[in-house]
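Here is the structure we will look at, set down as structure tokens.
Throughout, read-outs are computed from the coordinates displayed, never taken from laboratory work. As the structure is a prediction and not an experimental result, all values here were calculated from the model. Here the Cβ is made from the backbone with ideal geometry for all residues, glycine too, and neighbour counts use every protein chain on show.
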Amino acid sequence: MAPHRLTATVAPAAVDRRTTALVVVSLAQLMVALDATVVKVALPTVQVELGLSDVDRQWVVTAYTLPFACFLRIHRRDVSP
């Protein structure tokens, strides 16, 4: 008697949803990285234009990052089982 092999079959709709989710998450990660890069590149110009000190520049980075981090925590709570 030949051994039976278990094969998993995935419905095409499930594959489409996975692919769509992967694309959306990948694009979101790209936007986060791009956004952070733009802020870091533009920050010296903003500092000069507004006459900010280095301490004030750090506050700008903190004020920019903190709401984003809070949003991620809130969103995580909403989607976690």
(Q) Going by amide H atoms built from the backbone, whose H comes under 5 Å of the H on L52, apart from near neighbours? (A) none
**Q.** Pairwise label distance in nanometres, T62 with A13, each label 7 Å out on the Cα-Cβ vector
**A.** 5.0
Q.
Counting pairwise Cα distances across segment 32-81, what percent come out greater than 13 angstrom?
A. 64
Q | For segment 17-81, with +1 on Lys and Arg beta carbons and -1 on Asp and Glu, the positive-most of V60, L30, T20 along the dipole | A | T20
